[in-house]
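Heads up, the thing below is written out as C-alpha cells.
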Amino acid sequence: METQRFLLVWALVLVSGERSESVRCFASIDLNTGECDSEIGDVNEDDCCQNPNYGYQTADGACQSCGPPTWSSWSSWSPCTTLCGEGVRQKSRKCYGVGQSECENPTDKLYVEPCIGTCCNGEGWDSWLPWTPCSVTCGGQGVRKRQRVCSAPLECRLNCTGPTEETETCEANNTCPVHGGWSGWSSWAQCSGSCVSNQGGAINTPSRERKRSCSNPNPSTDTEPPGNSCPGDASQRQDCSELPNCPVDGNWGAWSAPGPCSVTCGEGLRLSSRICDSPAPKYGGKICEGPSTESSICQSPCPVHGVWSGWSNWGECTASCIPQGRPPTRSRQRSCTNPAPSSNPLGRDCEGDNIQTENCDHLPPCSVDGSWGPWSPYTSCPVSCGVGLQESIRRCDSPTPKHGGQPCRGDDRRTSICSTQVHCPVHGVWSEWSEWETCRYAYGTKDIRCLKIGGKQKRERQCLHRAHNGSFCAGDKQLDSRVCYDVDKCYVKGSWEGWGEWGFCNPPCGPTSRRVRSLICDPDYMAAGYRDFC
C-alpha cells in the first residue's frame, strides 16, 4: 500500500499540467552534507528531476534531491549539555528527496539520550608564558605580550574561559639613533659629448653623472650607538649609449694609373679612377666631392660608349618591420654619365639596370594579434536520460598571435543545456523492517504459550519508490524469520542483570520533576519450568 501511494505521488509530479519554476540544476548531491555539486544550469524543475541522482537549489538556497525520499546518515553526537555531571546529548538526520514527508517515521528526526559530563577535575588553562620583549628598544613607549594554552581535553575546552593573550605597555628610555638617509638623485648632467666617436679603432662613448647626499636625514652623532651612514655610492655615472655615432666624412684615395685608350680608332679616353675609402663615409658623413674618375684624351676616331656612374647610397626601407607576406624593400640608383654615350658618332648606351631593389630582411617581424577561429559544433548530449551539458570550443588560430601580438580575448569554451526528454530509472529502496509477528507454532495451530516448545515468528519489508524501469531492491531478502518462545505473561526463570539507564526528567523542570530507571531481568527460556522469575 505504501509503495502504491508513493508511485501515485511520483506520477502526479511528473504529469502535472502546470510546469514548475526554473531552478539551478546539479548533477550530484551529497545526502550527508546536503551540498550540490557539478552545476548543469537553469532548467525547469521537472526536467532536472528526470534523473533521480540530480539535485536542485530551492528558493531558500538549500539543495534538494530529485530521488525518492531518503534519510541522511545520523549526525555525530552533540557535546554533553554539562561539563560535569548529568546532562543530555543529541544527534539528528534529515529527509531528502521528492515528497520529503514520505520518509518512514517522518517525525523521527532527532534522538536524545542522557550523558555524563566528565570534565570535573578543573582542567583548563596552563600558566602564562613569559612576556615577549618590548616592541621598541629605544625612544619611549611600546607593548609586550604573553600567552597561555588550554591543555584540557577537547571535550573539556569550555572550562577555558577568558583571553588566550594579554598585552601591556612598556618603556624604553634611551634615545634612538637616527640613521642616515639618501636625498633624491639629482637630474642627470649633460653628456660629455654629442656623439660616439671611433678613432683608429678606439671607441669613445660620452658619459653623464648624477649625485645624491646623505642628508635625508643626516646620521646622528650624539646617540649611543651613533646613526649609520647611508649605504651605497653618492654618485652614479653611465654611458650615453643612446647617442648616435659621430659622422665620418669620406676622403678620396690615390688616383690609379691611366688605363689604355678606350677605343682603337678615333679620339678616345684614357681613364684614371679613385675610391672614396680613405676613409669611406660613415654615419651620415659627407661623401667625397668631385668625380671618381678622370680622363685624358687619346686620339681615336671611334664613338664614345656610355659608362655607369657609381651606385648611390641605399634609400630607406618602405616599412620599419616585416609584415606577414611580402617584406619591405629599399633601392639605389646609378646613371649612364661616366661618360655619357657619344651622339656623333653614336656610342652604345650602358648595359644593365639603372636601379637596384633588395628586401629589408634585417628588420624585426611585425607583431600579429591573435583572432578567434570559428566555434566547433556542439558535442552530442552526454547523457542518455534527464538533462546534461553540451560543449563547443574555438581556437585562437586565425591567426595565432606572434611576435608579441595580443592574445585573443574572451572564452574558448561555451556550454548549452540539452534534454533527452527521457526520465531516468528510479531504483527501489528497502523500507524498514516491520515489527515481529506474534510467536506461533511452526507446524500447525498448537498453542505453545508458556511451553518449552520453539515456535516461529516473521517480519517483512517493502521495496519502495521503484519507477521508470528502475531495478528491484538489491541485497538481502524481503522476508525474515527466527525461532521464538511464546512467553507472553508467563513466569520465566532468570537472573537480575543490573539497573538500566535513567530516563528523561518529567516534566523537564520544576520541583515535581522525576526520572525513572528499571531493573533488567535476563530470562533463561530453556530452564526447566517457567515458575521461577527474577
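The values are calculated or read from the model by the stated rules, or taken from the named source; none is laboratory data. Since this is a predicted model, take the numbers as computed values, not measurements. Virtual Cβ from ideal backbone geometry, glycine too; neighbours counted across all protein chains shown. Side chains are part of the model used for accessible areas, which takes the heavy atoms of the whole protein and leaves out ligands, DNA and RNA. Shrake-Rupley method; radii C 1.70, N 1.55, O 1.52, S 1.80 Å.
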#### Entry: region 217-243, residues that are open to solvent by 70 Å² or more (accessible area, probe 1.4 Å), modelled with pLDDT of 85 or more and either farther than 13 Å from Pro177 by Cα or not in a loop (DSSP other than H, G, I, E, B) (or both)
Pro231, Asp233, Gln236, Arg237, Asp239
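Output the residue which, of all residues in region 275-314 that are assigned to a loop (DSSP other than H, G, I, E, B) and in contact with a Leu (Cβ under 9 Å, 6 or more places away or on another chain), is modelled with the lowest pLDDT. If you could, list the steps in order and put the result at the bottom.
In the first step, residues of region 275-314 are kept if they are assigned to a loop (DSSP other than H, G, I, E, B); the result is 275-281, 283-292, 299-314.
From what's left, in contact with a Leu (Cβ under 9 Å, 6 or more places away or on another chain): 300, 303-304, 307.
Numbers: Ser300: 64, Pro303: 79, Val304: 83, Val307: 92.
Applying the filter and picking the extreme gives Ser300.
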## Note on the structure
Note on Cys66: of the conditions (1) touching a helix residue (DSSP H, G or I) at 6+ places or on another chain (Cβ under 7 Å); (2) closer than 30 Å to Glu155 by Cβ, unmet is (2)
### Query
When residues of region 110-122 are filtered for being surrounded by fewer than 15 Cβ atoms within 10 Å (Cβ to Cβ) and touching a residue at least 12 places away in the same chain (Cβ under 8 Å), how many remain?
8
#### Entry: Counted residues, region 176-197 - those being within 30 Å of Pro225 (Cα to Cα) and aromatic (Phe, Trp, Tyr)
2
### Task
Enumerate the pairs (first residue in region 149-172 and within 14 Å of Thr132 (Cβ to Cβ) and free of Cβ contacts under 8 Å to residues at least 40 places away in the same chain; second residue anywhere and of a type in the set (D, E, K, R) and assigned to a strand (DSSP E or B)) with beta-carbon separation below 7 Å, excluding pairs fewer than 6 apart on the same chain, so at least 6 apart or on different chains.
Glu165/Lys145; Glu166/Lys145; Glu166/Arg146; Thr167/Lys145; Glu168/Arg144; Cys170/Arg144
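Using the structure shown, decide if Ser183 is in a loop (DSSP other than H, G, I, E, B) and within 30 Å of Pro281 (Cα to Cα). Working first, answer last.
Details: in a loop (DSSP other than H, G, I, E, B): yes; within 30 Å of Pro281 (Cα to Cα): no.
No; evaluated as a whole, the condition is false for this residue.
For region 92-111, which positions are under 29 Å from His423 (Cα atoms), of a type in the set (Ser, Thr, Tyr) and in a strand (DSSP E or B)? Full working, then the answer.
At the first step, the residues of region 92-111 found to be under 29 Å from His423 (Cα atoms) are 93-106.
With the extra rule that they be of a type in the set (Ser, Thr, Tyr), the set shrinks to 96, 101.
Passing the criteria: only Tyr96.
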### Message
Take the residues in region 346-385 that are open to solvent by 70 Å² or more (accessible area, probe 1.4 Å) and among the hydrophobic types (A, V, I, L, M, F, W, C); name whichever of them is nearest to Asn51 (Cα to Cα).
### Response
Trp375
### Message
I need every pair where a residue in region 426-442 that is closer than 30 Å to Ser72 by Cβ has its Cβ under 7 Å from the Cβ of a residue that is open to solvent by 90 Å² or more (accessible area, probe 1.4 Å), sequence separation at least 6 or different chains.
### Response
Val426/Arg466; His427/Arg466; Gly428/Arg466; Gly428/Phe472
### Message
Suppose the filter is touching an Asp or Glu at 6+ places or on another chain (Cβ under 8 Å), among the aliphatic types (A, V, I, L, M) and modelled with pLDDT under 85; does Val98 pass it?
### Response
no
### Task
Pull up region 195-216, narrow it to residues that are open to solvent by 60 Å² or more (accessible area, probe 1.4 Å) and part of a loop (DSSP other than H, G, I, E, B), then point me to the one that is modelled with the highest pLDDT.
Asn216
### Matching residues in region 412-433 - criterion: being closer than 30 Å to Asn469 by Cβ, in contact with a Lys or Arg (Cβ under 9 Å, 6 or more places away or on another chain) and open to solvent by 50 Å² or more (accessible area, probe 1.4 Å)
Pro425, His427, Val429, Trp430, Glu432, Trp433
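Within region 332-367, how many residues are farther than 30 Å from Pro399 by Cβ and either touching a helix residue (DSSP H, G or I) at 6+ places or on another chain (Cβ under 6 Å) or part of a strand (DSSP E or B) (or both)? Steps first, answer last, please.
Residues of region 332-367 that are farther than 30 Å from Pro399 by Cβ, as a first pass: 332-356.
Restricting the remaining residues to those that are either touching a helix residue (DSSP H, G or I) at 6+ places or on another chain (Cβ under 6 Å) or part of a strand (DSSP E or B) (or both) gives 332-333, 343, 346, 355-356.
Result for region 332-367: 6.
Rundown of residues vs (1) loosely packed, with under 13 Cβ neighbours inside 10 Å; (2) farther than 30 Å from Cys463 by Cβ, yes/no style:
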| residue | (1), (2) |
| --- | --- |
| Val88 | no, yes |
| Lys91 | no, no |
| Trp128 | yes, yes |
| Pro133 | yes, yes |
| Ala152 | no, yes |
| Thr164 | yes, yes |
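Starting from residues that are of a type outside the set (Lys, Arg) and at negative phi, keep the ones in region 140-150 and report whichever is surrounded by the most Cβ atoms within 10 Å (Cβ to Cβ). Don't jump to the end; show me each part of the working.
Taking region 140-150 first, the residues of a type outside the set (Lys, Arg) are 140-143, 147, 149-150.
From the residues that got through so far, the ones that are at negative phi too are 141-143, 147, 149-150.
Values: Gln141: 11, Gly142: 15, Val143: 12, Gln147: 14, Val149: 12, Cys150: 18.
It comes out as Cys150.
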### Task
Can you work out which of the residues in region 125-156 that are in contact with a Leu (Cβ under 9 Å, 6 or more places away or on another chain) and among the charged types (D, E, K, R) is nearest to Pro177 (Cα to Cα)?
Arg146
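Restricting to region 486-504, and then to whatever is of a type outside the set (Gly, Ala, Ser) and open to solvent by less than 70 Å² (accessible area, probe 1.4 Å), can you tell me which residue is nearest to Lys456 (Cα to Cα)?
Asp486
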### Task
Find all pairs meeting these conditions: Cβ atoms under 7 angstrom apart; at least six residues apart or on different chains; first residue within region 487-504 and of a type in the set (A, V, I, L, M) and part of a loop (DSSP other than H, G, I, E, B); second residue open to solvent by less than 100 Å² (accessible area, probe 1.4 Å) and modelled with pLDDT of 80 or more.
Val487/Cys450
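Looking at Thr137, Thr82, which one is open to solvent by less than 70 Å² (accessible area, probe 1.4 Å) and either hydroxyl-bearing (Ser, Thr, Tyr) or on the phi > 0 side of the Ramachandran plot (or both)? Please lay out each step first, then the result.
Numbers: Thr137 fails: open to solvent by less than 70 Å² (accessible area, probe 1.4 Å).
Of Thr137, Thr82, the one residue that is open to solvent by less than 70 Å² (accessible area, probe 1.4 Å) and either hydroxyl-bearing (Ser, Thr, Tyr) or on the phi > 0 side of the Ramachandran plot (or both) is Thr82.
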### Residue that is farthest from Glu267 (Cα to Cα) [pool: residues in region 303-336 that are of a type in the set (Ser, Thr, Tyr) and open to solvent by 50 Å² or more (accessible area, probe 1.4 Å)]
Ser320
